[in-house]
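Contents: one structure, followed by commentary.
The values are calculated or read from the model by the stated rules, or taken from the named source; none is laboratory data. On a predicted model such as this, the values are computed, not experimentally measured, just so you know. Every residue, glycine among them, receives a Cβ derived from its backbone with ideal geometry; neighbour counts consider all protein chains shown.
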Amino acid sequence: MILRILGLLALFPLLLQAEEVLVEAESFDSTGGWKLDTQFIDTMGSPYLLAHGLGKPVEDASTTVTFPKTGDYTYWVRTKNWVEKFADKVDHTSAPGKFQLKINGEATKHVFGTSSATWMWEKGGSITIDSTEVELSLTDLTGFNGRCDAILFSTNPDFEPDNSSESLPQWRREMLGVDSGFIEEGPFDIVFIGGGYAGACGAISAARMGLKVALIQNRPVLGGNGSSEVRVWAKGNTPPGLYPIGDIVREFSDSATKSPGTFEEFEDAKKTDIVSGEENIALFLNHHAFDVEMESETRIKAVQAFDTRSGEIRRFTSRNFCDATGHGTIGKMAGADYESYDGIRMGMSNMWSWENGNEPVDFPELSWALPLKETDFPYPRKFHAEWFWESGYKKDPLLDLEEIRDWNILAGLSAWNAIKNNGAYDRYDPDLLEHKNAYLTWMAYIGGTRETLQLLGDIILSEEDIVAKQSFPDGCVLTTWSVDLHYPKEQYATNFPENPFISVAVHGRAVDRKRGYPVPYRCFYSRNIENLFMAGRNISVTHKALGTIRVMKTCGMMGVVVGKAAAICSRHDVTPREVYYQHLDELIELMQLPGNTRRTDLESEFFVDTSIPDLGEMQLDWIPKEKLDGIVIDDDDLELSKSWKQGAGLKPHVHNGYHYASEAKQGSPQVTEARFEFTVPEDGDYEVRISHQPHENRARKAPVTVISAGEPKTFAINQTVAPPLANSFFGLGVYEFKADTPGAVVVSNEESGGNVHIDAVQIIPLKD
């Protein structure tokens, strides 16, 4: 990405010999210890290199540059002083992100990263180039997030670089030689933009439906917030229920059990291998989609994306597109209807980890840090700072995205400075030798964003729908996360009320987290762009409803449904909306296919791919009522006195849990009964069963009475012993019941010999 252009010859005859050389930092031959940051292309115009060294200068980035001729050049670097934005809170003059330019191993005099709160071309001065082949290096001086977008040389001392923040602006395209044409990709059946759980699982699903698929991701790894870069463990369940759309998500998921976990736990390579192993998927990592071409006001023709390392532009044509960016940027560029919540929205997290070594480890005292005390932030227990290190509640989630990330990093480093150098929290952990041996191991420079905007579909799912358990005929993805909304935690917001960085989660209880609430398909396509799907946290929901659907496994199932719907679009030449209104039955049929079922193309027959593990349904530690035969009466269906306490710790239980009551002596006012009443559909003989989970403190002689068409029969059940039948049931025998006379199973705590346990009763008709 190192090319030159002539000056404006006709207008400036004195500049006939002027030459410019543009070097994009992301195209360096070796990035050394610098990180490629692509998060903010839409606002600052480019990928850039970041010296994210946690206080230790990173290894030089280097490349070879060919100059058109030797001579004197003026040079600039596009960079910024990243703490100057917070000049009212910190001493920005010491500029933590300092770095130098080296030419053929010799450092230039100017120190960059010191002079602007916004991205600008910082002038370095003049230099003599005495060879056309030059080794160029970036030398980090601090390890504290210096950043370099590009370097520009000119033989014209009066040249002024264009500081446009447009993504890949025209002048850069011309200088880089990437404006002569696109690399055409496609046509595809569907293009997914965004490689998180939604986009990746959607691409897999569509490919196995026989579609030609492209997946565009602007990072080098897949998984989004669930990658090693961000390290949010994948939450939400993939429960059995309506359709087996969770098995692809379970196949793709990693083994992380905490957040943040380790690099290895997030299994980046596994995720990439699964996607790249699909013959029908063309995977484009390190590609940023920056422009949308419209065929009409309501239809996307193509999406343009550039390689974040080389600048090459690819043009993707397709029947359908899916915005799985999380930010909704593709839909917004296409003119899709959207809403952005204008209240206190959920923010972005940048988590961090630390360890305690065997010898003292220094951390530089930060003159530019926030002046934090231990009352300003929670102690990072378990050697990591978790999801609640979050900010951006009152900021624009797109325009202020880099500022939000930088504030998070500033807060994290300032907290560590307070712990290491100012004695914060020493008194809480005397075993840590006053933190002398503690050292940072990781801090996310890629932010985990929760809320940006919502692209609007034919249904905008609301919290009221969820609370009322509103039923939709196209309900498909079971969301199992509570309505979880984040707000600044007042305890830590006193000193930074305008920009707090510690959050609290407020959970609503409307969602049944075991069975889930079915989110309708009509939330997964745009109401005004006819060939635009969406999957992930930018689907058509309100701010409050976002609190339940935004977790990764739930988003992954959205992608799976979109992949199947896209197959119907291609097969019948219909829009995503017409899938619902004309082909819902067919979508349901496809959603009933397990994830290891595939076809080569749309004309082929489906077959089971034995190379893909049959993950079946999610392994549950509870028993869904709907999986049991006959009539099932759960303890939740009963009217119980306050003597019965609720529990769920003994597994596997039926439905939500169970109830138990302490033993009561004969004649005591504490005697209580649980009455499982039912009516059979027709006269006949029925087997009666009752379930319990054994425990040493349970009743040794729980009184259980069956009331049928005959004489009542009473049992004394030893509930310290596991029931002998499947699903933790105990057989009470076969009884005759009349359709017009209710039957019942009654459980008492009288003289029970321990805590009486009730869970469920099952009534099974005997077959002829």
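Some observations on this one:
- Criterion violated by Glu687 - all others in (1) under 40 Å from the mean Cα position of the chain (by Cα); (2) over 23 Å from Glu750 (Cβ atoms); (3) modelled with pLDDT of 95 or more; (4) not assigned by TED's automatic domain parsing to the domain that holds Gly210 satisfied: (1)
Every residue, every condition in (1) farther than 18 Å from Leu766 by Cα; (2) free of Cβ contacts under 8 Å to residues at least 12 places away in the same chain, yes or no:
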site	(1), (2)
Pro669	yes, yes
Arg675	yes, no
Asp683	no, no
Arg689	no, no
Val704	yes, no
Lys713	yes, no
Ala726	no, yes
Val734	no, no
Lys738	no, no
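Okay, residues lined up against (1) assigned by TED's automatic domain parsing to the domain that holds Ser643; (2) under 48 Å from the mean Cα position of the chain (by Cα); (3) more than 23 Å from Leu620 (Cβ to Cβ):
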site: Pro694; (1), (2), (3): yes, yes, no
site: Asn697; (1), (2), (3): yes, yes, yes
site: Pro724; (1), (2), (3): yes, yes, no
site: Lys738; (1), (2), (3): yes, no, yes
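- Exactly one residue among Gly311, Gly328 is touching a Lys or Arg at 6+ places or on another chain (Cβ under 8 Å) and of a type in the set (Gly, Ala, Ser), and that residue is Gly311.
- Considering Asn596, Asn495, the condition of being surrounded by fewer than 18 Cβ atoms within 10 Å (Cβ to Cβ) and polar (S, T, N, Q) is satisfied by Asn495 alone.
- Of the helices (runs of 4 or more DSSP H) lying entirely inside the stretch 172-280, those containing at least 3 residues that are over 17 Å from the mean Cα position of the chain (by Cα) span 197-208, 268-276.
- Of all residues in the stretch 28-65 being surrounded by fewer than 21 Cβ atoms within 10 Å (Cβ to Cβ) and among the small types (Gly, Ala, Ser), the one that is farthest from Ala150 (Cα to Cα): Gly55
- Selection count, the stretch 572-623, where residues are touching a residue at least 60 places away in the same chain (Cβ under 8 Å), of a type outside the set (D, E, K, R) and assigned to a loop (DSSP other than H, G, I, E, B): 14
- Breaking point among (1) within 30 Å of the chain's Cα centre (by Cα); (2) among the polar types (S, T, N, Q); (3) over 30 Å from Glu687 (Cα atoms), for Asn656: (3)
- Flag for Gly53 being out of contact with any strand residue (DSSP E or B) (no Cβ under 6 Å at 6 or more places or on another chain) and either charged (D, E, K, R) or in the same structural domain as Glu19 (by TED's automatic domain parsing) (or both): yes
- Between Gln470, Gln491, the distinction of being outside any strand (DSSP E or B), closer than 30 Å to Lys332 by Cα and not assigned by TED's automatic domain parsing to the domain that holds Pro364 belongs to Gln470 only.
- Residue in the stretch 413-423 that is outside any helix (DSSP H, G or I) and not hydrophobic (A, V, I, L, M, F, W, C) present: yes
- Ile151 buried (at least 20 other Cβ atoms within 10 Å of the Cβ) and either out of contact with any Cys (no Cβ under 7 Å at 6 or more places or on another chain) or at pLDDT 95 or above (or both): yes
- Candidate set: the stretch 671-689, residues that are assigned to a loop (DSSP other than H, G, I, E, B) and of a type in the set (A, V, I, L, M); chosen: the one farthest from Asp629 (Cα to Cα): Val671
- For the stretch 58-112, filtering for residues that are more than 30 Å from Pro497 (Cα to Cα) and of a type in the set (A, V, I, L, M, F, W, C) leaves 12.
- Qualifying residue in the stretch 628-645 (condition: among the acidic types (Asp, Glu), part of a strand (DSSP E or B), closer than 30 Å to Met591 by Cβ and modelled with pLDDT of 95 or more): yes
- All of Pro652, Pro724 fail the test of being surrounded by fewer than 20 Cβ atoms within 10 Å (Cβ to Cβ), touching a helix residue (DSSP H, G or I) at 6+ places or on another chain (Cβ under 8 Å) and not hydroxyl-bearing (Ser, Thr, Tyr), apart from Pro652.
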